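Read through the structure below, which is laid out as structure tokens, and then see the notes.
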Amino acid sequence: MNRISQMKMYYLLILLICGVCFSCNEHQQDKQEAVSTKENKNMTNEQLREKLVMALDDMKAKAIEMGIEGVATASILNNGETDDWIGEMKVVGTPYKQKEGHNLVAIAWSKCGEVIATEADSGNPDHEKMMGELGFVGGAYGEYEGCKMAFAFSGAVSEEDLVVARYGIERMKGYIANRPDKKEVDTTTVYQPLATPLKKDQFIQVNIIVDDIHKAAKAWAALLGVPEPEIWTNHLKSNGEYPYTYRGKDIPCDLQMCVIDMGSWVLELHQVDETPSTFREFINKHGQGVHHLGFEVGDDRDEVIKELKAMGFDTERTIGIYPGSSWTIVDTEDVLGVNLNIKPKR
């Protein structure tokens with residue numbers, strides 16, 4: 001082989017080596033970018049914790065909707081790649097039942113702990129209980145996008161506890177996917193006109209739930225150019241002669257409220273306590289907003305309630321009777337976007 005041919009071979013060899021090195025570097029870079037992309041896709045523990053709190057808020061709203069009290073707990077293992085579980089807790093009404101001797105916080109976390117240990121729903125009779133476990137039903141296990149989840153509720157009967165826990169799992173899946181699951185829209189329901197329809201001149205009230213009634217009252221007064229309304233506390237409770245019920249149960253609550261006269265109707269502001277009520281249920285589910293529209297229907301009250309019930313609406317969300325009148329909150333928010341308050345007279 002002459003000198004020129006040798007030099008050509010050297011050049012070819014150098015180019016081949018450079019090509020291989022470039023290809024390796026490019027492959028390594030692609031691999032690093034793929035890893036980086038995967039890491040970016042995963043959420044940090046703090047990001048997951050924020051979603052966990054939202055799922056617990058949904059569990060709390062679900063429990064209130066079901067008319068039960070207790071403790072909701074939840075824990076999650078981030079993408080199966082960390083060795084620590086993060087956890088949060090929400091109290092619905094009470095953390096313990098003194099009369100029954102039940103520490104609901106301890107029971108709920110015991111259920112959660114069993115779920116973490118077994119990667120299955122709690123209360124499995126075939127599982128040999130470990131120290132600290134109580135073996136109660138009401139803890140739910142789930143996996144999604146590599147995350148392991150343990151949710152539990154304690155305070156009601158086992159079946160209801162499990163319903164709330166599983167609801168939390170489904171809500172958490174939605175938050176992880178950044179798409180909270182929505183109810184399917186029913187487009188098949190046909191609503192017939194009421195024989196005793198609500199009339200425009202029967203409209204008397206817009207009720208708004210707020211986080212800070214003093215701040216909201218000042219702002220509304222400034223906006224409308226009216227004096228700042230008086231704020232008082234309304235103690236909602238049954239007293240034997242005059243009942244007050246929330247979803248069929250006697251559950252008293254305190255309500256701060258004020259009223260601004262708008263002529264033929266009133267603007268009513270409410271700030272609620274943590275006790276289960278139609279107002280607490282609403283704010284847990286939606287945050288601040290319009291809770292109901294009020295209609296004064298006079299002697300047609302019973303017929304209107306009967307027809308609304310026949311349409312499929314829950315007419316026992318809240319019933320309050322007081323001297324000379326009453327109020328009935330009809331659960332219409334999933335269809336109308338707002339609840340109704342039906343009153344016989346002011």
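Overview of values
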| quantity | calculated |
| --- | --- |
| Pairs of alpha carbons in segment 277-329 whose separation is greater than 17 Å (percent) | 45 |
| Positive dipole terminus of segment 91-140, leading residue within M130, A108, T94 (C-beta point charges) | T94 |
| Globularity index of segment 41-106, i.e. its alpha-carbon radius of gyration over 2.2 N^0.38 Å | 1.32 |
| Segment 119-241: Lys pairs at Cα distance under 27 angstrom, eight or more positions apart or on different chains | 7 |
| Burial order of peptide ranges 153-163, 47-57 (average beta-carbon count within 10 Å, highest first) | 153-163, 47-57 |
| Separation between Cα centres of segment 122-151 and segment 233-287, rounded to whole Å | 37 |
| Accessible surface of segment 177-334 [probe 1.4 Å, protein heavy atoms]: carbon and sulfur percent | 53 |
| Where Rh is the Kirkwood radius over Cα pairs, Rg/Rh for segment 249-346 | 0.94 |
| Å² of accessible area per residue within segment 162-319, as computed with a 1.4 Å probe and no ligands counted | 57 |
| Additional length obtainable on full extension of the chain from Y242 to M54, 0.36 nm per residue less Cα span | 64.0 nm |
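The values are calculated or read from the model by the stated rules, or taken from the named source; none is laboratory data. The model shown is predicted, which means the values in this text are computed figures rather than measured ones. Virtual Cβ from ideal backbone geometry, glycine too; neighbours counted across all protein chains shown. What goes into the accessible areas is simple: the full protein's heavy atoms, side chains included, and nothing from ligands, DNA or RNA. Shrake-Rupley method; radii C 1.70, N 1.55, O 1.52, S 1.80 Å.
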